[in-house]
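Have a look at the structure below, then the notes.
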Amino acid sequence: MSDTISAIILGIVEGITEFLPVSSTGHLILASELLGYDAQRWAVFNVAIQPGAILAIVVLYWRTFMQV
């Protein structure tokens, strides 16, 4: 499987699980293992995707953050 498709799959997993009350990073690690990806190779991706997830939360809840 190409790196682009792998990144898309892991991005979808991150996006779906970000709003669940469990670790989305844990889901990324689990998905990587279930799909047979090399965990060391995708560790940088798992870290690099986090700022995008955090930014999505800030954009979604910016009014709440400003009130606090």
Selection status of Val22, without any contact (Cβ under 8 Å) to a residue 24 or more places away in the chain, in a loop (DSSP other than H, G, I, E, B) and exposed (fewer than 10 other Cβ atoms within 10 Å of the Cβ): yes
Residue pairs meeting the criteria (Cβ under 7 Å; at least 6 apart or on separate chains; first closer than 11 Å to Ile9 by Cβ, in the stretch 29-42; second surrounded by fewer than 12 Cβ atoms within 10 Å (Cβ to Cβ)): Ser32/Ala39
Single residue of the stretch 1-17 satisfying the filter (crowded, with 16+ Cβ neighbours inside 10 Å and touching a His at 6+ places or on another chain (Cβ under 9 Å)) that is nearest to Ile54 (Cα to Cα): Glu14
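Coordinate-derived values only; no laboratory data. Since the structure is predicted, the reported quantities are computational estimates derived from the model, not experimental observations. So basically every Cβ, Gly included, is an ideal-geometry build from the backbone, and we count neighbours across all protein chains shown.
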